[in-house]
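Here the structure comes first, spelled out in structure tokens, and everything after it is commentary.
The values are calculated or read from the model by the stated rules, or taken from the named source; none is laboratory data. These numbers were taken from a predicted model, which means no experiment stands behind them. Cβ coordinates were reconstructed from backbone atoms using ideal geometry, including for glycine residues, and neighbour counts include every protein chain displayed. Side chains are part of the model used for accessible areas, which takes the heavy atoms of the whole protein and leaves out ligands, DNA and RNA. Shrake-Rupley method; radii C 1.70, N 1.55, O 1.52, S 1.80 Å.
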Amino acid sequence: MLRNTETAAALTGYTPTEEDLRSVEEWFASYDELASSPTPENIERMADMAVFPLNLVTDGSDGDGRTGQWDRRRYTGTMNAVMGGAGDGEVRFESARTPLFLSSCLVVVFTDSVMTAGGEEHRMRYADILVRRGGVWRFQTMVQSGWAEMTEGPRG
């Protein structure tokens, strides 16, 4: 579900068309469907929906922000490690998204989501930057707090 598109348009100066909104909503529906059954095959299909190198922005428990670039192998390896165990049971997502279109081919999407896995609810807030190339959306940057320790080795 997309929301707050009028406020977003006022902030960015670009008013998305109905097709812009529909296409982003469909992209996320496809991604969420794959993430709901995080098999190795579906994680590969999720990677097909990205532009690599993929930018990652997060923070750690030490209060420092972290950034990195992942190639496809790092993305699929991390997603298999983080999400792979969730594939044993039902995974559901309920998400509300606010897209901020910078143009017809650049959008920053803020998401408030509840993921239910193994009977437990996990609330998440994150942002993705998507780019449209050849009429197809791809995610290029993921921004979410709290992932540093899960995605990097010990700091020296």
### Task
Being open to solvent by less than 70 Å² (accessible area, probe 1.4 Å), within 16 Å of residue 26 (Cα to Cα) and not in a loop (DSSP other than H, G, I, E, B) is the filter here, so list the residues in the range 107-144 that pass it.
107, 108, 109, 111, 128, 129, 130, 131, 132, 136, 137, 139
#### Entry: Count of residues meeting criterion [more than 19 Å from residue 81 (Cα to Cα) and modelled with pLDDT of 95 or more] in the range 54-63
0
### Task
Identify all residues within the range 12-54 that are within 17 Å of residue 103 (Cα to Cα) and among the acidic types (Asp, Glu); write none if there are none.
18, 19, 20, 25
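Restricting to the range 21-56, give me the number of residues that are more than 21 Å from residue 75 (Cβ to Cβ) and touching a helix residue (DSSP H, G or I) at 6+ places or on another chain (Cβ under 9 Å).
1
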